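Structure first, then comments.
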Amino acid sequence: MGIDLLIRSANLADGRTGVDIAIKDGHIAQMRPGIDSPGDEEIDASGCLVSAPFVDAHFHMDTALTDGLLRPNSSGTLLEGIGIWSELKDRLTYEGIVERAMRYCDWAVARGLLYIRTHVDITDPRLLAVQALLEVKRRVAPYIGLQLVAFPQNGILRTPTSMDNLVRSLSMGVEVVGGIPHFERTMADGAQSVRQLCELAASRGLRVDMHCDESDDPLSRHVETLAAEATRLGLQGRVTGSHLTSMHSMDNYYVSKLIPLMREAGLSVVANPLVNITLQGRHDTYPKRRGMTRVPELIAAGIDVAFGQDDVLDPFYGMGSADMLEVAHMGLHVAHMTGSADVLHAFSAITEVPARILGLEGYGLAVGRRADLVVLDARDPFDALRLRAGRLHVIKDGRVVSRSASQRAELFLPGREARVNFGRPILGSSP
C-alpha cells in the first residue's frame, strides 16, 4: 500500500510518543511507531504534538471584522454592541459580508481551526447575512466545515417577523435552530420562546443552540426550561446552551438542582472565555464577578463543555485572531483549571468536545478517520496552551493547507550567543 503523506515521530495528546501517522486517500491508514514504508511526502514531527484540528463551537462570522465600520463601542458593553450591530446590519452588503468572512476563514486555516459553528443573525428580512454565509460555506467546504445557526439576535417574540425569517433561513439550508430567551421582553416570553424553538427543531430533526442566560442576573434561568424541553421532546444530545453566564451568579443550592437536570437532558454547554470575561460584571464595582459559567462543575457532572471564540474584531469584542489556543488559555485561567487533568480538559474543550457538540463524523486521530491534523510547535497539550504554540503544519483530508515557521529564536547578546526554545525542559530524576 502506498502512503500519500507520512508524519514521523509525533507526540499525541493522549501521551503517546514517537508515533508515525500514515495517510492514504485522505484518511489515516496507520498509526504506530516505526512505519517502514516511505511516504510520497513526509513530515518529521520530531516530537512535536500532532492533534486533531481545532473546532470552534460558537462564533459570529457575519459580525466578524466589522469593528469600527459604523463607530467604535466606546463603553465596551454588550448592550452598546447590540445597539451598534442593530444599526450596522441594515447597511451591510452581501459582498462585504462574504469578503470579511473569507478573510476570517483564511485566518482560521492558518490557526488550525477547520470546523466552525457560526450563528447568523436572521432578524434582517432580506436574510442578507444568511445568503452570504451560505455562499461562504460553499466556497470553503474543501477546507473548513462550516455549520450555521439561525440566530434571532433581537428575540424571536420581541420582533414580529423573526419566526418567519428563522423558518425561511432553515429552508435555505441553515442547519441549527438558535434563540436568545433572556433578550425577550419578559421571563415568561423567554420561556415561551424556548418551547417554540425547541418544538420547531424537533419537528425538523434539527439541533438547537441557544444564547441562554448571557447575563449577570442569577434569576435568569432559561437553561432550566431548555433542559426541560430537551427532555420533553426527546432532543437529548442535540441541544446546546451557549454562554450560561448567569450560572456564575446563582446560589449553590439552586445550581445543585440545575446541573443534574442539564445532565439528564443531555445538554452540552459552550463557554466563551474571552468575551464572557470582558462583557460580564460590568455593573459591579468590587469585588467584580468573573462572569464565565461554572465550567469545572459542569465537567465534573459529565456534561460536555466546549470553549468558543464568539467574536473577533466586531462591535461586541474588538480583539481576537481565530486562535482557539488563546481562547482555551483564557478559559483555564478564568475557571481555575490549572491542575494537570484540568489542562487536558481545556485542550479537549477546543478539539474533541466541540466536535461531539457539532456532531462531526470521522473526526479524531484514529485509523480510518479523516486525515485532518495539526502539527503544533509544542510537545504536549500543556505546552501548546502555555505557549499558544505555532501551527507548523495544518493538514486537511491528507493535504497540507498551511505551513508556519517555528517560534524558536536565535539570540546574539554581549558575551553570549544562544538559541531559545520556550518548551519546558526535560527534567532529570533529581530536583
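Bear in mind that the values in this text are calculations on the coordinates, not laboratory data. Just so it is clear, the model here is predicted, and its values are computed rather than measured. For neighbour counting, all protein chains shown are included, and Cβ atoms are generated from backbone atoms with ideal geometry for every residue, glycine included.
Taking the longest Cα principal axis of the chain as reference, the axis of helix 222-232 is set at about 80 degrees.
The angle between the Cα long axis of helix 128-140 and the longest principal axis of the Cα atoms of the chain comes to about 20 degrees, rounded to the nearest 10.
A dipole drawn for the stretch 54-358 from +1 and -1 charges on Cβ atoms has a positive end, and of Pro273, Leu113, Leu170 the residue lying farthest that way is Leu170. Subtracting the Cα-Cα distance of Leu219 and Asp106 from their residue separation scaled by 0.36 nm leaves 36.6 nm.
Extending 7 Å from Cα along the Cβ direction at Asp40 and again at Thr161 yields two label points whose distance is 5.2 nm. Note on the chain: with a GNM built from Cα contacts shorter than 10 Å, the maximum mean-square fluctuation among Pro38, Pro218, Pro296 falls on Pro38.
Exposure proxy shown here: for Leu12, Leu166, Leu219, the number of other Cβ atoms within 10 Å sets the order, fewest to most, as Leu219, Leu12, Leu166. Note down the nm distance, to one decimal, between modelled labels 7 Å out along Cα→Cβ at Thr338 and at Arg126. According to this spin-label approximation, the distance is 4.9 nm. Modelled spin-label separation between Glu87 and Thr231, with each label point placed 7 Å from Cα along the Cα-to-Cβ direction: 4.5 nm. Restricting the calculation to Cα atoms, the stretch 1-84 shows an Rg/Rh of 1.34 when the hydrodynamic-style radius is the Kirkwood one. Annotation: extensible slack from Arg71 through Leu411 equals 118.1 nm (criterion: 0.36 nm per residue apart, minus Cα-Cα distance). Taking all Cα pairs closer than 8 Å and separated by 6 or more residues, the relative contact order of the stretch 54-358 comes to 20 percent. Using alpha carbons only, how many angstrom separate the centre of the stretch 355-386 from the centre of the stretch 198-265? Here the two parts' Cα centres lie 28 Å apart. Rounded to the nearest 20, the Cβ-based charge dipole of the chain about its Cα centre (Lys and Arg +1, Asp and Glu -1) stands at 240 debye. Excluding same-chain residues fewer than 8 positions from Lys137, which lysines have a Cα within less than 17 Å of its Cα? Counting by Cα, and skipping residues close in sequence, Lys137 has these lysines nearby: Lys396.
Near the amide H of Gln30, within less than 5 Å, lie the amide hydrogens of Ala22, all on another chain or at least 5 residues away, with H placed in the peptide plane.
Name the residue, out of Thr351, Thr123, Thr186, whose mean-square fluctuation peaks in a Gaussian network model built on the chain with Cα pairs under 10 Å. Looking only at Thr351, Thr123, Thr186, the largest GNM fluctuation is found for Thr186.
Legend: calculated FRET efficiency, Arg263 to Ala141, from the Cβ-Cβ distance at R0 = 45 Å, rounded to 0.05, equals 0.85. For the stretch 315-414, taking the reciprocal of the average inverse distance between every pair of different Cα atoms yields a Kirkwood hydrodynamic radius of 15.4 Å. Evaluated at q = 0.09, 0.14 Å⁻¹, a Debye calculation over the C-alpha positions of the chain (equal weights, vacuum) places log10 I(q)/I(0) at -0.57, -1.29. In this entry, the stretch 279-352 is assigned a mean projected area of 5.7 nm², taken as a quarter of its C-alpha convex hull surface.
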